[in-house]
Amino acid sequence: MVKPEIEFRTMDEDGDDTAFAPKAPEEVDQTDIAWLELPTFEPKERHLAKKRIAANVRGPARTAIDLMRTRLLRVIEENDWKRVMVTSPTPNCGKTTVAANLGFAFQRQTALRTIMMDFDLARADLGKSLGLKPTHDVADLLMGDVRPTQQMYRIKHNLAISASNGGIDSQSDILKLPETQTRINEIDEIFAPDVMLFDFPPFFSNDDAIAASNFMDCAIIVGAAGETSVSQIDKAERELSQYTDVAGIVLNKCRFVSENRGYDYPYG
């Protein structure tokens, strides 16, 4: 009897698919199978450009995003971290855009597996940013109503997305339930990602970031140039650091920079 083969695909630095050698089923571990079972999704380049997701387009923006990715990766590797909260002091700082760009930048690291989840349940902008309209929302996954294969999508071979089709205010309290941490632990165990990015609500909008900080490893705070005050960033960093480590600050929407720098990403 001829044994079936499973083909793995990856992506090179220019975004092209390249096939790995086929593997027989006995050579494939359960983590590989879990990733293969996720339905695939291919974002439209025009939509990503409209939403300012430039991590896959060569140019100054991609260079800046790659610098963020590499610095963040070094910090989380040095501290044995995996779960990264992305938040901002106030709304409209571009935290979802930063999270999405980081997700795609990590995806181009073909040896890494990354999961990106929308934890801003009331607003749920991650799916809109990617042009993804899932049948089930993140809340359905967190409550155990659906399996990961029914809710999550895979971009290429190593980026998994958990997004919602629309925000519902009543879903926000889900992050405060113990079931949420249990579900995240299960997803972590099943897919064994190297990095998990979570797009959280603005820190001062509600208490979700504080409530879920016990199962996060670190946080990134996104501020908007010309809109977010230094005192707002300082206050967010000071209060958030009581619950989790702050890995860095991102200055977004900065218009007055050289053509080689689109973001500022200092680490303390």
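The values are calculated or read from the model by the stated rules, or taken from the named source; none is laboratory data. Since the structure is predicted, the reported quantities are computational estimates derived from the model, not experimental observations. Note that we place each Cβ from the backbone using ideal geometry, even for glycine, and neighbour counts take in every protein chain shown. Keep in mind that these areas ignore ligands, DNA and RNA; they rest on the heavy atoms of the full protein, side chains included. Shrake-Rupley method; radii C 1.70, N 1.55, O 1.52, S 1.80 Å.
What the table below lists for this structure:
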item: Summed residue charge, Cβ within 12 Å of Leu159's Cβ, Lys/Arg positive, Asp/Glu negative; result: +2
item: Candidates per trypsin sites (Lys or Arg not before Pro) in the range 52-145, loop by DSSP, up to 11 other Cβ within 10 Å; result: Arg58
item: Extension reserve of the Asn92-Thr31 stretch, reckoned as 0.36 nm per residue once the Cα distance is removed; result: 18.3 nm
item: Shape category assigned to the range 93-230 from the gyration tensor of Cα positions, a/c cut at 1.5; result: rounded
item: Nearby lysines by direct alpha-carbon distance to Lys95 (threshold 24 angstrom, same-chain neighbours under 8 apart not counted); result: Lys44, Lys50, Lys51, Lys82, Lys128, Lys133, Lys156, Lys176, Lys235, Lys253
item: For Tyr153, solvent-accessible area (1.4 Å; no DNA, RNA or ligand), Å²; result: 40 Å²
